[in-house]
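What follows draws every value from the coordinates through simple rules; no lab data is involved. Here the structure is a predicted model, which means the values were calculated and not measured. When we count neighbours, we look across all protein chains shown, and the Cβ atoms used for this are built from the backbone with ideal geometry, even at glycine.
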Amino acid sequence: MADSPKRTRRAGWNLGTGDPATVLAEARKALFVMVGFLAILWIVQIINWADHYQLTNSYGIQPRDIGRLPDILTAPFLHVSWAHIEGNSGPLFIFGFLAAYRGVTKFYGVTALVILTSGLGAWLTGSTGSVSAGASGVVFGYFGYIMVRGLFDRHAIDLLIGAVMALCFAYQFSVLLPQRGISWQAHIGGLAGGVLAGWVFRDRRPVQADRPAVPGTRGAVGGKATGSPADPSRAELHKQLDDLGL
C-alpha cells in the first residue's frame with residue numbers, strides 16, 4: 001500500500017526576536033554602519049560646499065540624459081544645501097538602523113535596490129533640465145521596507161515597528177505628491193523599491209508538513225473517521241503561495 005504525499009502548510013507567525021546575542025550583535029553592527037554612512041555623507045557635503053556645490057551639478061541626476069544615467073548611484077551622497085542634508089540625516093539614521101538591525105548583509109542588498117529604484121524614478125520622470133540629488137529617496141526606501149518587512153517575514157515585532165513608524169512619520173507622505181523644488185519622483189521610486197525589497201529579501205523559512213495520511217482513509221479518533229484524504233494539488237498550491245511570500 002503506497003503512502004500519500006505529505007501536505008505542506010505555510011510557516012506561521014512568530015515574534016521575530018531570535019537569539020538575543022545574535023540580535024544584539026547585528027544591532028551593534030547596524031549602528032556602526034549607519035554612523036559610517038552619515039559620516040561619509042557629511043564629509044562629502046563639506047567637500048561639496050567648499051567647491052560651491054559643483055559635485056551636485058556634476059554628479060546629480062539629470063533626467064533622461066543617457067550619459068548621466070550612472071549618476072543615479074552618486075546622487076544619494078550629494079545634497080544641495082546644509083538644510084537639505086540636516087533634514088535627511090535624522091530620518092536616514094532612524095530608518096536605516098531599523099532596516100539593518102536584523103541583518104546587515106541583507107541591508108546592503110536593500111540599500112542597493114532602493115538606490116536604483118529611487119534614482120531611476122527621478123531619471124525617468126524628473127523635470128527636463130533639473131538636477132536631482134539627496135538621500136531622501138533612500139530614506140523612503142528604508143521606510144517602505146520597514147513597513148512591509150514584518151508582513152512578508154511573518155514577524156510580529158517587525159510588523160509592530162512598521163506600523164508605529166508609519167503612524168509617527170505619516171506626514172512624510174505629503175512629499176510623495178508633486179511639488180515644485182522637491183524630487184517627489186525619487187521618493188515614490190524609493191518607496192516602491194523598499195516594498196519590493198521586503199519581498200525580495202524576505203525570510204524563506206521552511207514550510208510545515210502534516211503527517212502523511214493513508215490514501216482512501218481518514219484519521220481515526222475514537223475509531224471514527226475524521227479529516228480528509230491528502231490532496232497533492234493542494235500541497236502544491238500551498239508551496240507556490242509560500243514561495244510568493246503570501
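Can you tell me the FRET efficiency between residue 19 and residue 73 if r is taken as the Cβ-Cβ distance and R0 is 35 Å, rounded to the nearest 0.05? Each step should come with its number before you reach the end.
Details: r = 35 Å, r/R0 = 1.01.
For R0 = 35 Å, the calculated efficiency reads 0.50.
Over every Cα atom in the range 20-200, the radius of gyration and the widest Cα-Cα span, Dmax, amount to 15.9, 51 Å. Evaluating 6.51 cos²θ - 1.76 cosθ + 1.60 at θ = phi - 60° for every residue in the range 27-44, the Karplus couplings come out as 5, 5, 5, 4, 4, 5, 4, 6, 4, x, 4, 5, 4, 4, 4, 6, 5, 4 Hz, glycine and proline recorded as x.
Provide the gained length on full extension for the span residue 39 to residue 93, in nm with one decimal, where the gain is 0.36 nm per separating residue minus the Cα-Cα distance.
Gain in length upon complete extension: 18.3 nm.
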